[in-house]
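Asker: Dropping the structure in here first, questions after.
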């Protein structure tokens with residue numbers, strides 16, 4: 001059993017942050033890795049990226065958006081409540097080195113993961129440019145934390161309620177046009193955002209890493225449910241990823257695969273409400 | 001018929017005895033009183049004899065008293081008055097002459113001998129004839145859930161033997177002096193000994209006998225491929241069907257559990273050394289049990305949230321009830337084994353960290369990486385690895401969706417690729433979850449199907465179709481990238497390959513398309529990379545599995561041992577247990593030399 005020591009509602013109750021006691025995971029977790037969470041005995045196993053960790057306090061931070069039954073159930077948990085199973089840290093850590101100038105692009109809850117990777121890149125001595133976006137101001141998370149870490153930060157919202165109006169790809173294009181020293185782009189967010197970022201960086205031939213979030217069960221390479229096509233080869237996101245060269249990922253396929261259980265998700269949510 | 005069979009094996013058969021000369025019957029039946037009636041000559045006089053008509057009760061009543069140890073001069077048929085004394089056979093106990101009558105057992109006539117010396121209780125049939133009788137007993141099949149009914153639930157299909165059926169089946173064992181079945185068993189259970197104990201109705205002792213060699217009989221009795229192991233070597237199998245060793249094993253284990261006879265041994269000799277076991281599947285459980293009983297302190301690390309490895313995520317409830325696995329694991333817990341769930345060795349802790357705290361490490365993580373065929377369309381929606389499909393249904397209990405949160409894979413026309421036990425499990429699970437049509441597609445012919453015969457039979461009974469000598473070449477998807485059809489090619493069998501099975505060869509131009517909306521790929525697994533990512537120093541063989549010394553199961557790293565599928569590739573529960581046993585002995589030997 002794993003205790004929730006801190007709960008914070010980050011955006012209108014739809015994005016939630018948990019700090020969970022998991023000393024063994026906290027001691028090992030690196031940026032880019034994830035945990036699998038099962039809330040209770042009848043729960044499903046869902047992957048959630050480790051947004052931060054505190055090895056000294058023995059806690060890990062997860063940030064999730066409420067989208068389905070399990071995340072709705074997690075929102076109802078309070079500080080001090082217990083989560084049945086948390087296993088990790090899974091997946092390969094992000095490959096962090098000092099490459100010079102990097103652009104970190106994040107959208108929606110993706111910023112939660114991005115912020116952990118950004119921290120690592122900053123600590124490695126890179127010049128970090130951050131671009132984060134959300135649908136509207138209230139859904140934007142971790143802006144202050146990102147601003148503290150990044151050498152430059154651009155904020156966008158789809159409706160223009162905060163920062164620049166539009167998508168993260170617009171400021172990204174501007175940077176790619178203006179600066180010639182960008183060595184790497186890291187994009188974490190909704191599939192469509194990562195796809196658009198990759199289409200853009202491909203034109204400028206800038207290496208781009210993305211962090212994928214397919215459906216998973218065990219997270220240890222056993223089920224193969226998380227398989228993604230990278231460079232026309234099947235890769236298991238849980239053991240070969242979750243970070244991949246974005247230019248080689250088949251995003252359309254990933255999007256469709258993630259939608260397989262939309263009907264069941266609704267059914268499950270309805271069942272739990274009843 | 002059934003009653004009489006049982007009586008025979010309890011050695012209480014009511015004898016139907018006949019005169020070998022005139023075929024007159026000696027049986028007399030009045031009210032509740034039955035006996036065999038003879039004439040005999042004693043001290044020159046003709047007297048009447050009455051014998052009890054049961055094989056195991058030997059009472060003689062005579063019209064004149066006969067002194068103990070005296071010899072009756074002759075046995076006569078009351079009708080033809082001819083002597084019944086055998087010219088060939090002498091009493092097995094005292095060497096006196098014996099009377100020979102004919103008895104009917106299983107509608108077969110067999111000579112039966114009675115010692116002439118009064119007081120000597122030797123009677124019976126010769127060993128050769130006993131074996132002939134045993135051949136006449138048909139192999140007893142387990143009662144099973146109704147074929148229609150069982151496709152609607154996930155409860156276990158065979159109910160198991162009753163004690164009557166078990167004793168009857170045990171009676172078929174020839175008790176060979178040089179038993180071949182033991183050679184066929186990967187853990188060398190003393191099979192004739194435990195079967196003999198069943199025949200004597202000492203079920204409790206039989207269970208103990210098995211447990212000397214195998215700690216998980218309830219599981220092995222259900223999932224071992226007996227027909228290629230112990231039962232393949234059974235001498236009964238040459239003339240008739242082999243003794244149902246697996247069913248008997250299952251029976252005694254169930255009996256012991258249900259009658260609450262399982263006793264946790266007290267471990268007297270404590271050894272102050274710690275062992276880490278990685279993976280709670282069959283190999284890990286065996287190592288843990290063996291070493292804990294020797295006095296070591298064992299901790300099992302499991303990546304999933306439940307213990308049992310393949311026994312809980314892979315093998316479905318209807319083949320191996322989860323309660324049985326839980327019971328066996330509880331036994332280990334009572335022995336003092338500690339368990340650490342949700343711990344991925346290689347991620348949460350590494351082998352090197354374990355070696356700092358433990359004196360030895362055993363790796364039994366299985367070969368949990370599903371293999372795909374790498375053909376077009378394999379990432380379409382509703383194409384699953386067998387691991388994913390079964391994990392969803394078994395471990396996550398998706399068949400009870402939405403009560404359990406994990407979504408149940410939806411499919412009406414299900415295709416399962418592969419012909420092993422896992423393929424059968426997936427197909428039978430699909431039938432139970434409401435698919436209207438389930439087809440197994442296998443590239444070789446029926447003979448080569450690697451699944452247990454029982455699983456194939458069950459699958460067929462439940463309506464699974466077999467499309468043999470067929471292989472998929474690509475999958476066709478809908479606009480939503482869900483699978484809607486599969487293109488297949490017909491195969492023929494060529495020369496035997498390295499595995500000894502005939503190599504399947506595609507027949508050019510024989511392609512055809514079958515409709516399907518759910519595909520399960522059950523073509524085997526490969527080595528899981530997780531443990532190697534943090535321990536590249538563990539030497540691997542050319543297939544990517546762990547390389548071990550076959551005599552000790554020690555890996556290239558000292559004090560690190562391994563066994564089960566991570567060494568051999570996909571194999572069976574019992575082979576993993578056999579490897580675990582070797583490793584446990586080797587670990588004990590090595591650690592005993594340490595101060």
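The values are calculated or read from the model by the stated rules, or taken from the named source; none is laboratory data. As the structure is a computational prediction, the values presented were derived from the model and not from experiment. Every residue, glycine as well, gets a Cβ built from its backbone with ideal geometry; the counts of neighbours run over all protein chains shown.
Asker: Suppose we filter B:297, B:356 for residues that are more than 22 Å from residue A:86 (Cα to Cα), without any contact (Cβ under 8 Å) to a residue 40 or more places away in the chain and surrounded by fewer than 24 Cβ atoms within 10 Å (Cβ to Cβ); which single one remains?
Answerer: B:356
Asker: If a residue must be within 11 Å of residue B:389 (Cβ to Cβ) and within 14 Å of chain A (Cβ to nearest Cβ), how many such residues does the range B:405-435 contain?
Answerer: 6
Asker: With respect to residue B:283, is the statement that it is within 26 Å of the chain's Cα centre (by Cα), crowded, with 22+ Cβ neighbours inside 10 Å and more than 10 Å from chain A (Cβ to nearest Cβ) true?
Answerer: Against the criterion (within 26 Å of the chain's Cα centre (by Cα), crowded, with 22+ Cβ neighbours inside 10 Å and more than 10 Å from chain A (Cβ to nearest Cβ)), residue B:283 qualifies.
Asker: If we keep just the residues of the range B:236-261 that are surrounded by 17 or more Cβ atoms within 10 Å (Cβ to Cβ) and more than 14 Å from the chain's Cα centre (by Cα), which is modelled with the lowest pLDDT?
Answerer: Result: B:236.
Asker: On to the next question. With A:99, A:35 as the choices, which residue is outside any loop (DSSP other than H, G, I, E, B) and either within 11 Å of another protein chain (Cβ to nearest Cβ) or touching a strand residue (DSSP E or B) at 6+ places or on another chain (Cβ under 8 Å) (or both)? Can you show your working first?
Answerer: On the way: A:99 fails: outside any loop (DSSP other than H, G, I, E, B).
Answer to the check: A:35.
Asker: So which residues in the range A:227-251 are more than 24 Å from residue B:303 (Cα to Cα) and either more than 10 Å from every other protein chain (Cβ to nearest Cβ) or modelled with pLDDT under 90 (or both)?
Answerer: A:230, A:231, A:232, A:233, A:244, A:245, A:246, A:247, A:248, A:249, A:251
Asker: Yes or no: residue B:9 at pLDDT below 80 and either in contact with a strand residue (DSSP E or B) (Cβ under 7 Å, 6 or more places away or on another chain) or surrounded by 17 or more Cβ atoms within 10 Å (Cβ to Cβ) (or both)?
Answerer: yes
Asker: Only one of A:77, A:90, A:82 is within 26 Å of residue B:349 (Cβ to Cβ) and out of contact with any helix residue (DSSP H, G or I) (no Cβ under 9 Å at 6 or more places or on another chain). Can you tell me which?
Answerer: Values: A:77 fails: within 26 Å of residue B:349 (Cβ to Cβ); A:90 fails: out of contact with any helix residue (DSSP H, G or I) (no Cβ under 9 Å at 6 or more places or on another chain).
None of the others qualify; the one that does is A:82.
Asker: Something else about it: Go through A:200, A:269, A:176, A:254 for me and flag whichever is more than 8 Å from chain B (Cβ to nearest Cβ), buried (at least 21 other Cβ atoms within 10 Å of the Cβ) and not in a strand (DSSP E or B).
Answerer: Residue meeting the stated conditions: A:254.
Condition check ((1) at pLDDT 90 or above; (2) on the phi > 0 side of the Ramachandran plot; (3) within 19 Å of the chain's Cα centre (by Cα)) across all residues:
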{"position": "A:176", "(1), (2), (3)": "no, no, no"}
{"position": "A:184", "(1), (2), (3)": "yes, no, yes"}
{"position": "A:195", "(1), (2), (3)": "yes, no, yes"}
{"position": "A:199", "(1), (2), (3)": "yes, no, no"}
{"position": "A:210", "(1), (2), (3)": "yes, no, yes"}
{"position": "A:218", "(1), (2), (3)": "no, no, yes"}
{"position": "A:221", "(1), (2), (3)": "no, yes, no"}
{"position": "A:225", "(1), (2), (3)": "no, no, yes"}
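Asker: Kindly state which strands (runs of 3 or more DSSP E) lie completely within the range B:310-403 and contain at least 3 residues that are in contact with a strand residue (DSSP E or B) (Cβ under 8 Å, 6 or more places away or on another chain) and more than 7 Å from chain A (Cβ to nearest Cβ).
Answerer: B:338-340, B:360-363
Asker: With the condition being within 14 Å of chain A (Cβ to nearest Cβ), more than 23 Å from residue B:273 (Cβ to Cβ) and over 24 Å from the mean Cα position of the chain (by Cα), I'd like the strands (runs of 3 or more DSSP E) fully within the range B:495-595 carrying at least 3 qualifying residues.
Answerer: By residue number, B:518-521.
Asker: Being in contact (Cβ under 8 Å) with a residue 24 or more places away in the chain and under 14 Å from residue B:468 (Cα atoms) is the filter here; which residues of the range B:425-450 pass it?
Answerer: Of the residues in the range B:425-450, the ones in contact (Cβ under 8 Å) with a residue 24 or more places away in the chain are B:425-433, B:435-445, B:448-450.
B:438, B:439, B:440, B:441, B:442, B:443, B:444, B:445, B:448, B:449, B:450 - these are the residues of the range B:425-450 that are in contact (Cβ under 8 Å) with a residue 24 or more places away in the chain and under 14 Å from residue B:468 (Cα atoms).
Asker: Check residue A:52 against each of (1) more than 13 Å from chain B (Cβ to nearest Cβ); (2) at pLDDT 90 or above; (3) within 21 Å of residue A:106 (Cα to Cα) and name the one condition it does not meet.
Answerer: (2)
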